[in-house]
Amino acid sequence: MMKLRLRLWLFVMWLNVKTSLQQNDPTCEFGIIHSNLFVAGLPPQNQPITAGHNLRFLCSDKYKLKGSKEIECLQTGQWNSPFPTCSDPTCEVGVMDPRLFVSGLPLLNQPIQPGHKLRFQCNEESELRGSREIECLRTWTVEFPRPNLLWYFKLFGTTGP
């Protein structure tokens, strides 16, 4: 009987020490969530978010995720990245061929919103290959057109690549 009491006492002490250590583990706070942001990986209600826990994010259809798709709770009690947000979708204009003339570009550093259209034209030495007009939806409707060098094709008698 004495051995059983001793074992039971040791087990209770071990539980107390384990609980005490767990309470000292740093936990991460749940951040502010954008209204169109969906979160996966949340622990059950009233459970702390401890080191190593990951959250995954996704925006509703009409929005674009800005920030990390996944973040992790670190040993320091901080997240490895800030909570992402959802923003209106915009289209990017990368580097374009200098032989392309483009109309409809917004002012510098202004986003291109859905519905915005760009129109393309080439200089006299080139012929436009692709659509003369593209529209921003969530992304561009088609690829950016490319210029073909007319003199090259006239010289070698080909129609282009």
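The values are calculated or read from the model by the stated rules, or taken from the named source; none is laboratory data. Keep in mind that this is a model prediction, so the values were computed, not measured. Cβ atoms come from the backbone with ideal geometry, glycine included; neighbour counts cover every protein chain shown.
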Out of the residues in the range 76-95 meeting the condition of being surrounded by 15 or more Cβ atoms within 10 Å (Cβ to Cβ) and hydroxyl-bearing (S, T, Y), tell me which one is nearest to I112 (Cα to Cα). T90
Might you let me know whether the range 77-100 holds any residue that is in contact with a strand residue (DSSP E or B) (Cβ under 8 Å, 6 or more places away or on another chain), without any contact (Cβ under 8 Å) to a residue 24 or more places away in the chain and under 30 Å from A51 (Cβ atoms)? yes
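Can you tell me which residues in the range 50-69 are outside any loop (DSSP other than H, G, I, E, B) and farther than 30 Å from P89 by Cβ?
T50
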Number of the condition not met by I112 [criteria: (1) outside the structural domain of G31 (by TED's automatic domain parsing); (2) under 26 Å from F38 (Cβ atoms); (3) of a type in the set (V, I, T); (4) surrounded by fewer than 16 Cβ atoms within 10 Å (Cβ to Cβ)]: (4)
Hey, can you tell me all the residues within the range 140-159 that are surrounded by 12 or more Cβ atoms within 10 Å (Cβ to Cβ) and either modelled with pLDDT of 85 or more or not in a strand (DSSP E or B) (or both)? W140, T141, F144, P145, R146, P147, L150, Y152, F153
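N123 - would you say it is closer than 15 Å to G31 by Cβ and exposed (fewer than 15 other Cβ atoms within 10 Å of the Cβ)?
no
Select from the range 72-99 the residues that are in contact with a Gly (Cβ under 9 Å, 6 or more places away or on another chain) and assigned to a strand (DSSP E or B) and list them in ascending order.
Of everything in the range 72-99, those that are in contact with a Gly (Cβ under 9 Å, 6 or more places away or on another chain) and assigned to a strand (DSSP E or B) turn out to be E72, C73, W79, T85.
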Scanning the range 1-49 for residues that are assigned to a helix (DSSP H, G or I) and polar (S, T, N, Q), which turns out modelled with the highest pLDDT? N24
Given the criterion out of contact with any helix residue (DSSP H, G or I) (no Cβ under 9 Å at 6 or more places or on another chain) and assigned by TED's automatic domain parsing to the domain that holds S131, identify the matching residue among L37, L105, L74, L42. L105
